[in-house]
Structure formats: C-alpha cells, structure tokens
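One structure below.
The values are calculated or read from the model by the stated rules, or taken from the named source; none is laboratory data. This one's a predicted model, so the numbers in the text were calculated from it and none came from an experiment. Ideal geometry is used to build each Cβ from the backbone, glycine not excepted, and the neighbour counts take in all protein chains shown. Please note that ligands, DNA and RNA were not included when accessible areas were found on the heavy atoms of the full protein model with its side chains. Shrake-Rupley method; radii C 1.70, N 1.55, O 1.52, S 1.80 Å.
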Amino acid sequence: MASGVGLHNECLTVYQELKLGHKYKYILYALNDAKTEIVAESKREVKSKEIADLTSEEEKYKLFLQDLTKGSTCRWGVFDFEYFVEGKRNKLTFISWAPASSKIKERMVFASSKDALRRSLVGIATEVQGSDEDDIAYETVLEKVKK
Amino acid sequence: MVQYGGDEVAALVVDIGSSTLRAGYAGDDTPKAIIPTYYGYKSQPPDADVSMSGIGDDPSAHNSRIAKMFVGQDGPSIYREGMEVGNPMKEGLIEDFNPITPLIRHALEDVMCIRPADHPILVTEPAWNTPANRERMAEIIFEEFNAPAFYIANTSVLNAFAAGKGSALVIDIGHSEASVTPVIDGFVLRKGLVHSSLPALVHKRAKHVLTQPDQNRRGINLLPHQLVANKAPVDPGFEPQFNVREDRLQGITKSWRNWAENREASEWIHSVASVLDQGWNEQAVAARGARQYEFPTGYNYHFGAERFEIGELFFAHPQHLQAANPNLPKSLPQLISASVTSCEPDIRQVLLSNVVLGGGGSLFAGLADRLNNELNRIFNHAKIHAPGNPAERRYGSWLGGSILASLGTFHQLWISKEEWQEHGRPIVGQRCK
C-alpha cells in the first residue's frame, strides 16, 4: 500500500553525485508543500566551509542532525557515514525522521511514500528509522553502520 | 485506468470494528458517522415463513427469517418487544455478511445523507482477514452500493503509517480482539501476526466480578436503564431502591438482555477500571484509592481493588483462572513475545524500537504506561509510540485511511468499477497488497 507520491527528477541526480562523485556529505529529502512529490530539500557539499571546518565525523553528523530535525517536518536524509574498522571505510546511510510533533497527515504521507524514494536509491548500506533524537543519535547509528 | 482521483470527488472511508462502524469523508480528521456494529432484529414467526420452506439446511436461513432490522443509534438501545441483538463480527472478522449492507447503508445514507454511488469507497480490514472475505466486501461495495471505485487497506499498516513509520510492531487493542502485527516497509510479516480475544476476556471477567458477591458487597444487578421505571437515591453500598418496568420484562429477549448488561459492564470499565503502572501491589492500590460508580438501578459503591484487578488481566492471568481454563486468550506480554520471537533476529530490534499502540481498547486507563514498563522489563530498548490524542488512537485506522484516500496521488491504486467488471474477484488481491 503506497501513497503513489513520486520523485522529483533532482532527487536521483543529487544522489548519484553523492554516491559516485562524493560531491555531497549529505542530502535531505522531504515532501513538497502540496504533498504530491518528494523533493531534494537541501544538501551539503563535502567542500563546503561548514563541513570542511569540522574535523570529526561526529561533529559532521551532528550538523546533519541539526538540518534533518529542523522544525516539525518529516524528512529523509542520506549521509555518507565515515568510520574506522581496520582502516577508513564509509557507508551510505538512509535515515527516516518522523518526529511525534509533526502533523498526522504529513506522517502518513511520509511513511507511505518512503518506499518510492528508498527503492530508487541504489547502494544504501544502512537504514535507520527515528521519531526522537535517541533513535538517530551518533552512537546508535555508528553501531548499526559497523555491523 | 484511472477515472477517480481523490481530488475531484470526496472518497469515503469505512472502518468496521466489532463495537462500532466508522464512516466518513476522506480528508476529515474524525469519522462523520459512528454507529454501533450491534443491530437489533425481529424474526418472522416460523409459520409465516412459507416461501422459505425447503431451505432449512441453508446456513443463511436464519438470516432470511429476519423480518426487520434496527440499526444505528436508535437500533439495539431502544426497547422493542421481542427484539434480538446480533453482531456480524467474530474475532475481528466479518462472519455474517448479511447485516453488513444495511449497516453501511445506514451510516452512509441515513447518517451522512449521501449517495454512495457517487463516491469511491475505501474499506479497512484486519491483517488476518481472508481473501474470500475481502472479495466479498469488494462485491458488496460494487454491486450493492454501485460505488465507482474501491480499495481495501490493512489496519495495522495504516496505524504504522499514521505514526510515521514504515516498519513497526503494531499493537491494536479493540473491543473484542487484541493483535500484535510486525510491519516491515509497509508490509505485514504474516508469520509474526498474533491475536487473541483478550479484551473480550477482560470484559467477561469484569461482568463476572460485578455480578458476584464478595465479602463487602452483594452481587450487583446490571439491569439496564431501559428496564428501570424509577429509582430513589441510596447511600453507597446499600440495597438499591427502584421499580422495574414490568410491562417490558415480558417482551425482552435473552440476546437483548445480554447485550444491555454487557453495555452496563462496559460503562463501568470505561469509568472506573484502571491498571497499575508497575504490576500488582496492594499498597499502590490503596494509594490510588477507590472510585464511586452508580448503576442504573441507583446502586452505587466505592470500587477499590476490583477496578485494578480487571486491568491486570491484560498482562497476566491469575492462577485460579488459568487452572479452570487452560485455553485463556494470550495476555499482551505473551502476544508480544510470540510475535517478536517468530521474526528474524535482525529485525527484532527495529520492531521493538518502533512499537505503535492503537485501537479504542488501548485507552484503558494506565494501559500505555504499564505496557511500556512491561516491554522494557522483557526486552531492552523497547519504545512505544502511542498518540496522546484519544481520537487519533481510537480512530487511528480510520484516520490513516482517510488521509490515504484523500491523496490525489493515491488514485492509481483504486480499483475502478470497470476493472471489477472486467477482471472480477482476483483484482482485489492483485491491487490491494
């Protein structure tokens, strides 16, 4: 059972740029205001000052969380998660964020549209679903990524 | 393929539970029509049944003898001589389809005052519904109501989605059934689906406790207000002073009496029953205090321990009950454990971190807090999402259907009347997954 909501063309273009070109550190997706389409709401370039200034992965992830959880909006985020297990590795992590403070209509459309986005993003290694900050905290996600 | 987008014509959403049938416009946040699923009926006297002779073995013969049905708010609750009360639901599923059409028709045509033939209709179903049942429902919507389009949506998935979750462990506590359903990426994991008639047991137990005497009080007469002519105020615990409507006593049926007494027990449960947040504890019971409740006969009493004992049944069955009846419906912790352990180990944590609580029965006072405590005692890191808004919880599945059916983008999923006529029953299983 799906909402039938589709993707804006840009969604995949920016994802390819993140995955293949490592141009972005993360991308945020959300529903448009009319709730008829999923759009790439914002993204952060690896070379941007905000990211380049941060030295640890945890700080970068926290910056990502700030953008992901802004307001009471449901969002999906793709984060290029860097971690160390016998050397530096990275995994593309997909996070669904539906805070309890969001409106029920938005949550409903959000959850029933996720599949359309998720299926199009080939190469995601880890998936996390959260509705409060504990669910998507750095340590929690790191643990999942390392599995 | 697509004729009816939700944007042009308001779709309707029909959610049938064992206590009430909810119907309303897609896009609204509460159903416009909420009518009891119980209905009153009068049978034809057997000798008047001449035209029906010869079909005695037909299981529907019982229903074909129904001479008149009384549905809606003025249905079973109004006293009528010789009226029986029936309910089409059994264990959350529609068992008897005959009253379904009149019930839906009443909600749509009499309460909402609309022509069903003008609107696409979305119906909900529990996760354990059978293919034959959903196809029968499609047939009713298309053939009896002439609706232009139909869809049937799973209540567990709707509850999960309404909480913003594609994956969740949905605990749905209704009027007669409690179910635990693992949902992963919007699909029900059938092997983890468990349900039991736990709420019905709690209800039966409450009725039993009330009508039986204990050391402090006598058994309570659950005579409904329809049979009480007048009453005088009495002090708590004293013998009630009331007069029975003798004229009506002769005319009532066993099924009506049973329904009416069950309703009195339900009222008592809704008003005073509760469950302790940390398990049974005499001191906590004493600290929470007694609560006064008055029955239609005028009898009133301060209910102390009884009102908490009832709630405990959701979580554990006392030994004497278990000994007397080994087939008691599973308690909530048993249902949850059975569900979670039948799922693959790698998804168990996802499910437990995303427990969604819904259904009118989950509004039982204190139940959400207790469930949270119990879950965290059994598993690590369990987390419950329970909407704080009672309407969102009680009508969660209706509301989920309402939002979904109101989306313009949802139109590609509707089964249109033309498709139904062309493909027939198999299209339901193909489209509604």
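When you look at residue B:209, is it over 30 Å from residue A:96 (Cα atoms), away from chain A (no Cβ under 14 Å) and of a type in the set (A, V, I, L, M), yes or no?
Considered against the rule, which asks whether it is over 30 Å from residue A:96 (Cα atoms), away from chain A (no Cβ under 14 Å) and of a type in the set (A, V, I, L, M), residue B:209 comes out as yes.
Would you mind telling me which numbered condition in (1) at pLDDT 95 or above; (2) open to solvent by less than 70 Å² (accessible area, probe 1.4 Å) residue B:5 fails?
That leaves (1) as the condition not met.
Scan the range B:287-311 and report the pairs whose first residue is among the aliphatic types (A, V, I, L, M) and whose second residue is buried (at least 20 other Cβ atoms within 10 Å of the Cβ) and assigned to a strand (DSSP E or B), with Cβ atoms within less than 6 Å and a gap of 6+ or a chain change.
Every condition considered, the pairs that remain are B:290/B:303.
Can you tell me which condition residue B:416 does not meet? The list is (1) open to solvent by less than 20 Å² (accessible area, probe 1.4 Å); (2) at pLDDT below 95, and all the others hold.
Only one criterion is unmet by residue B:416, namely (2).
Quick one: in the range A:128-147, of everything that is charged (D, E, K, R) and in contact with a helix residue (DSSP H, G or I) (Cβ under 8 Å, 6 or more places away or on another chain), which residue is farthest from the other protein chains (Cβ to nearest Cβ)? Please lay out each step first, then the result.
So in the range A:128-147, the residues charged (D, E, K, R) come out as A:132-135, A:139, A:143-144, A:146-147.
Filter again for in contact with a helix residue (DSSP H, G or I) (Cβ under 8 Å, 6 or more places away or on another chain), leaving A:133-135.
Numbers: A:133: 12, A:134: 8, A:135: 7 Å.
So, considering only residues that are charged (D, E, K, R) and in contact with a helix residue (DSSP H, G or I) (Cβ under 8 Å, 6 or more places away or on another chain), the one farthest from the other protein chains (Cβ to nearest Cβ) is A:133.
Go through B:380, B:389 for me and flag whichever is within 23 Å of residue B:172 (Cα to Cα), at the interface with another protein chain (Cβ under 9 Å from one of its Cβ atoms), surrounded by fewer than 16 Cβ atoms within 10 Å (Cβ to Cβ) and among the polar types (S, T, N, Q).
Testing whether each residue is within 23 Å of residue B:172 (Cα to Cα), at the interface with another protein chain (Cβ under 9 Å from one of its Cβ atoms), surrounded by fewer than 16 Cβ atoms within 10 Å (Cβ to Cβ) and among the polar types (S, T, N, Q) leaves just B:389.
Looking at the range B:402-433 only, could you name the residues that are at the interface with another protein chain (Cβ under 10 Å from one of its Cβ atoms), assigned to a loop (DSSP other than H, G, I, E, B) and of a type outside the set (A, V, I, L, M, F, W, C)?
Hit for the range B:402-433 is B:433, nothing else.
May I ask you to say which residue of B:392, B:374 is under 20 Å from residue B:155 (Cβ atoms) and modelled with pLDDT under 95? I'd like the intermediate steps shown before the answer.
Working: B:374 fails: under 20 Å from residue B:155 (Cβ atoms).
Of the residues listed, the single one that is under 20 Å from residue B:155 (Cβ atoms) and modelled with pLDDT under 95 is B:392.
Filter the range A:1-36 down to the residues that are hydrophobic (A, V, I, L, M, F, W, C), assigned to a loop (DSSP other than H, G, I, E, B) and within 14 Å of chain B (Cβ to nearest Cβ), then identify the one that is least open to solvent (accessible area, probe 1.4 Å).
For the range A:1-36, the residue satisfying everything is A:5.
Would you point out the residue of the range B:168-186, among those that are assigned to a loop (DSSP other than H, G, I, E, B) and open to solvent by 10 Å² or more (accessible area, probe 1.4 Å), that is nearest to the other protein chains (Cβ to nearest Cβ)? Spell out the reasoning first.
Here is the first cut: in the range B:168-186, the residues assigned to a loop (DSSP other than H, G, I, E, B) are B:174-177, B:185-186.
Narrowing further to those that are open to solvent by 10 Å² or more (accessible area, probe 1.4 Å): B:174-177, B:185.
Numbers: B:174: 20, B:175: 23, B:176: 25, B:177: 21, B:185: 6 Å.
Only one residue tops the list, namely B:185.
With the structure loaded, tell me whether residue A:25 is in contact with an Asp or Glu (Cβ under 7 Å, 6 or more places away or on another chain) and modelled with pLDDT of 95 or more or whether it fails that test.
When the stated conditions are applied, residue A:25 passes them.
I need the full set of residues from the range B:270-295 which are within 26 Å of the chain's Cα centre (by Cα) and either of a type in the set (S, T, N, Q) or open to solvent by 20 Å² or more (accessible area, probe 1.4 Å) (or both), in order please.
Those that are within 26 Å of the chain's Cα centre (by Cα) and either of a type in the set (S, T, N, Q) or open to solvent by 20 Å² or more (accessible area, probe 1.4 Å) (or both): B:270, B:271, B:274, B:277, B:293, B:294.
Of the residues B:371, B:363, which is over 30 Å from residue A:32 (Cα atoms), open to solvent by less than 30 Å² (accessible area, probe 1.4 Å) and away from every other protein chain (no Cβ under 14 Å)?
After applying the criteria, what remains is B:371.
Quick one: in the range A:103-127, which of the residues that are in contact with a Ser or Thr (Cβ under 7 Å, 6 or more places away or on another chain) and within 9 Å of another protein chain (Cβ to nearest Cβ) is nearest to residue B:433 (Cα to Cα)?
Of everything passing the filter in the range A:103-127, A:112 is nearest to residue B:433 (Cα to Cα).
Among the numbered criteria (1) of a type in the set (Asp, Glu); (2) facing another protein chain (nearest Cβ under 10 Å); (3) touching a strand residue (DSSP E or B) at 6+ places or on another chain (Cβ under 6 Å), which one does residue A:82 miss?
Against the list (1) of a type in the set (Asp, Glu); (2) facing another protein chain (nearest Cβ under 10 Å); (3) touching a strand residue (DSSP E or B) at 6+ places or on another chain (Cβ under 6 Å), residue A:82 comes up short only on (2).
When residue B:251 is evaluated against the numbered criteria (1) open to solvent by 50 Å² or more (accessible area, probe 1.4 Å); (2) within 20 Å of residue B:78 (Cβ to Cβ); (3) not in a helix (DSSP H, G or I), which criterion, by number, is the only one it fails?
Only one criterion is unmet by residue B:251, namely (1).
Across the range B:241-274, what is the number of residues that are of a type outside the set (A, V, I, L, M, F, W, C) and within 25 Å of residue B:310 (Cα to Cα)?
12
Within the range A:85-102, how many residues are within 12 Å of chain B (Cβ to nearest Cβ), under 28 Å from residue B:393 (Cα atoms) and touching a strand residue (DSSP E or B) at 6+ places or on another chain (Cβ under 6 Å)? Lay out the reasoning, then the answer.
Filtering the range A:85-102 down to residues within 12 Å of chain B (Cβ to nearest Cβ) leaves A:94, A:96-102.
When the remaining residues are screened for being under 28 Å from residue B:393 (Cα atoms), the result is A:96-102.
Okay, now just the ones that are also touching a strand residue (DSSP E or B) at 6+ places or on another chain (Cβ under 6 Å), so A:96-97.
Looking only at that region, the number is 2.
With the requirement that a residue be open to solvent by less than 10 Å² (accessible area, probe 1.4 Å) and more than 27 Å from the chain's Cα centre (by Cα), what does the range B:300-316 give you?
Of everything in the range B:300-316, just one residue is open to solvent by less than 10 Å² (accessible area, probe 1.4 Å) and more than 27 Å from the chain's Cα centre (by Cα), namely B:300.
Among the residues of the range B:145-167, which ones are touching a Pro at 6+ places or on another chain (Cβ under 9 Å) and more than 8 Å from chain A (Cβ to nearest Cβ)? Working first, answer last.
Initial filter on the range B:145-167 (touching a Pro at 6+ places or on another chain (Cβ under 9 Å)): B:145-151, B:154-156, B:162-164, B:167.
Result: B:145, B:146, B:147, B:148, B:149, B:150, B:151, B:155, B:156.
Exactly one condition in (1) within 18 Å of residue B:365 (Cα to Cα); (2) touching a residue at least 12 places away in the same chain (Cβ under 8 Å); (3) surrounded by 14 or more Cβ atoms within 10 Å (Cβ to Cβ) is not met by residue B:267; state its number.
(2)
Name the residue, out of B:191, B:231, that is assigned to a strand (DSSP E or B), away from every other protein chain (no Cβ under 14 Å), open to solvent by 20 Å² or more (accessible area, probe 1.4 Å) and not polar (S, T, N, Q).
Step by step, each of B:191, B:231 is checked, and only B:231 is assigned to a strand (DSSP E or B), away from every other protein chain (no Cβ under 14 Å), open to solvent by 20 Å² or more (accessible area, probe 1.4 Å) and not polar (S, T, N, Q).
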